[in-house]
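Following: one structure in structure tokens, then a few remarks.
Just so it is clear, none of the values below were taken in a lab; they were calculated from the coordinates. The shown structure was predicted, so the numbers you read here are calculated from the model rather than taken from an experiment. Note: ideal-geometry Cβ built from the backbone for every residue, glycine included; neighbour counts use all protein chains shown.
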Amino acid sequence: MEPIKVGLLGFGTVGSGTFTVLRRNQEEIRRRAGRGIEVTRIAVRNPAKALAALGDAAGSVALTDDFAALVDDPTLDIVAEMMGGTSLARELVLRAIANGKHIVTANKALLAVHGNEIFEAAHAKGVMVAFEAAVAGGIPIIKALREGLSANRIQYIAGIINGTTNYILSEMRDRGLDFATALEAAQALGYAEADPTFDIEGVDAAHKVTIMSAIAFGVPVQFERAYIEGISDLDAIDIRYAEELGYRIKLLGITRRTAEGIELRVHPTLIPEKRLIANVEGAMNAVVVHGDAVGTTLYYGKGAGAEPTASSVVADLVDVTRLHTADPEHRVPHLAFQPDRLSSTPILPIEEISSSYYLRLRVADVAGVLASITRILADAGISIDALLQKESEQVDDHGKGETDLIVLTHETREKHINAAIRTLEALTTVVSKVTRLRMEALN
Ligand code: NDP
Ligand code: HSE
């Protein structure tokens, strides 16, 4: 049978990694897919740069800087979008779909923001949109959620799903690197987004957890409802105190089914250090999925980089090749649930989520301070799980001291902890803003 023909939009880290893996493993891939998979055309802004990167393979593909011509090329069966961004990428993907092409994409921003429109267009046209590489790089988590766990009523997903921030946190903790140096290293390794604030501020992780949430709970993608907090405000002292208390701080993407709705959030989170996921370091990703039948499962692997991501892209190319001729109604639905059976379960505002909390208070070391703090928390119905009072530091000539007080709470509503923090900050003995971090037991 003739090889299936693929056009690549973009030839950077992921595009070139995909090309390399497809070429290197072409025989194995052909045996799996039932026919060859060939990249015949690549669109880039700068063809000279791509030509150099193609090396001795340059003769086998047509390079162009005309992106529209690629998606209109009648000889192509699949368009693999590896360029990133949400504007030109959306336009080209929708045009390729209108031309009857299947889409493979690694672009989580595109799907988190425009996924509903893209899936609807693809469904109407009877083509597939495959996006394994969009979440957790080389880990086949989309396949696991959409197919492997389809017996389950999924309860929650919690994941380290941004390699750049996990790399930064690991390098800061283990090698004492400062934030900027660790970020530069992550960029040099090809992990970071074109705009690295997407990584640092939690936006990339929010794109990914939004996609997983839709697949897990059968709801439309709703990125605009995700709560997002990154690692730029994280203080090194909290990483140290957390460790003293037996926790690690990780940037987690969390989505959970509750009686009132769905939680969808990204923020630095304390996790007990004995959990496997707390020990995931560097650019590695890990996703915990809890289903009612299977219990807790963990998926671990490289979350970024050329070939790990290409592993997922090529797996999608194989899937699309296998299902290319199948009746569209009998393919796996894009969001796991049939498109006419998506639910309208609301995404909860962050004030309505439940969590346990880590609070750090800078307090005047005077008699009664602890009593007044515990009284405020008790009055708010917040139960204390643990307390750590650091040694007093003398701050003036009269021997007056200040100290850090760390309070770990049991689970409560976010709005209750926020109200309690406002009251605590009004005390004259609490001398600076209270630091509040969320905790997850994941047991
Ligand atoms: P790169 O920046 O390395 O490559 C992007 C490619 O697309 C380049 O060839 C670039 O051309 C081209 N391109 C980018 N923007 C435009 C545009 N507006 N118009 C035309 N061409 C454009 O990105 P990555 O390969 O790292 O990422 C690609 C996609 O994969 C993104 O959606 C990213 O989020 C996703 N992804 C990345 C992972 C990684 O580890 N890097 C992992 C998982 C997903 P030029 O070189 O000329 O600028
Ligand atoms: N910038 C992303 C990360 C790439 O660091 O995880 C993988 O999606």
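By DSSP, the beta bridges lying fully in the chain are antiparallel in about 70 percent of cases. One quarter of the surface of the convex hull around the alpha-carbon atoms of the stretch 317-392 equals 10.9 nm², the direction-averaged projected area. For the stretch 286-356, the Kirkwood hydrodynamic radius comes to 16.3 Å, computed from all pairs of different C-alpha atoms.
For the chain, the equivalent ellipsoid derived from the Cα gyration tensor has semi-axes of 46, 24, 17 Å, listed largest first. About its Cα centre, the dipole of the chain is roughly 1080 debye, where the only charges are +1 on Lys and Arg Cβ and -1 on Asp and Glu Cβ. For the stretch 354-439, a crude dipole built from +1 on the beta carbon of Lys and Arg and -1 on the beta carbon of Asp and Glu, taken about the Cα centre, is about 440 debye to the nearest 20.
In terms of its C-alpha gyration tensor, the stretch 102-166 comes out oblate, because a/c is 1.5 or above while a/b does not outweigh b/c. Measuring r between the beta carbons of HIS398 and ARG422 and using R0 = 41 Å, the FRET efficiency lands at 0.85.
In order along the stretch 113-118, phi translates into HN-Hα couplings of 8, 10, x, 4, 5, 5 Hz, rounded to whole numbers, per the Karplus curve 6.51 cos²θ - 1.76 cosθ + 1.60 with θ = phi - 60° and x for Gly and Pro. Taking a cut-off of 18 Å, what percent of all Cα-Cα pairs in the stretch 354-439 are separated by more than that? Counting every Cα pair in the stretch 354-439, those more than 18 Å apart make up 37 percent. Ordering VAL280, VAL61 from the fewest to the most neighbouring beta carbons within 10 Å gives VAL61, VAL280. In a simple Cβ point-charge model (Lys, Arg +1; Asp, Glu -1; nothing else charged), the stretch 44-192 has a dipole of about 400 debye relative to its Cα centre.
When Lys and Arg each count +1 and Asp and Glu each count -1, what net charge do the other residues less than 14 Å away from THR325, Cβ to Cβ, add up to?
Summing Lys/Arg as +1 and Asp/Glu as -1 gives -2.
Peptides 223-230, 110-117, 302-309, 320-327 ranked from most to least packed give 302-309, 110-117, 223-230, 320-327, packing being the mean of other C-beta atoms within 10 angstrom over each peptide's residues. Taking every alpha carbon pair in the stretch 141-302, what does the distance histogram look like in 10 angstrom bins from 0, in percent? Values per bin, smallest distances first: 11, 41, 35, 13, 1. Ranked for footprinting exposure by Cβ neighbours inside 10 Å, fewest first, ASP235, ASP77 give ASP235, ASP77. Summing charges over all other residues whose Cβ lies under 9 Å from the Cβ of ALA134, with Lys and Arg as +1 and Asp and Glu as -1, gives +1.
Ranked by the mean number of other Cβ atoms within 10 Å of their residues, highest first, the peptides 49-56, 213-220, 33-40 come out as 213-220, 33-40, 49-56.
Counting Cα-Cα pairs of the stretch 1-74 in 5 Å increments starting at 0 gives whole-percent bin shares of 3, 16, 28, 24, 17, 9, 2. Seen from GLN187, the other residues with C-beta closer than 10 Å to its C-beta sum to a net charge of -3, counting Lys and Arg as +1 and Asp and Glu as -1. Computed 3J(HN,Hα) for the stretch 193-205, one whole-Hz value per residue from the Karplus formula 6.51 cos²θ - 1.76 cosθ + 1.60 where θ = phi - 60°, is 6, 3, 9, x, 5, 4, 6, 5, 8, x, 5, 4, 5, glycine and proline marked x.
One quarter of the convex hull surface built on the alpha carbon atoms of the stretch 94-134 amounts to 2.4 nm², the projected area averaged over directions. Among the trypsin sites (Lys or Arg not before Pro) within the stretch 333-399, not one is in coil by DSSP while having at most 10 neighbouring Cβ atoms inside 10 Å. Can you list the residues, at least 5 places off or on another chain, whose amide H is less than 5 Å from the amide H of SER356, using H built in the peptide plane? Answer set, sorted by chain and number: THR412, MET439.
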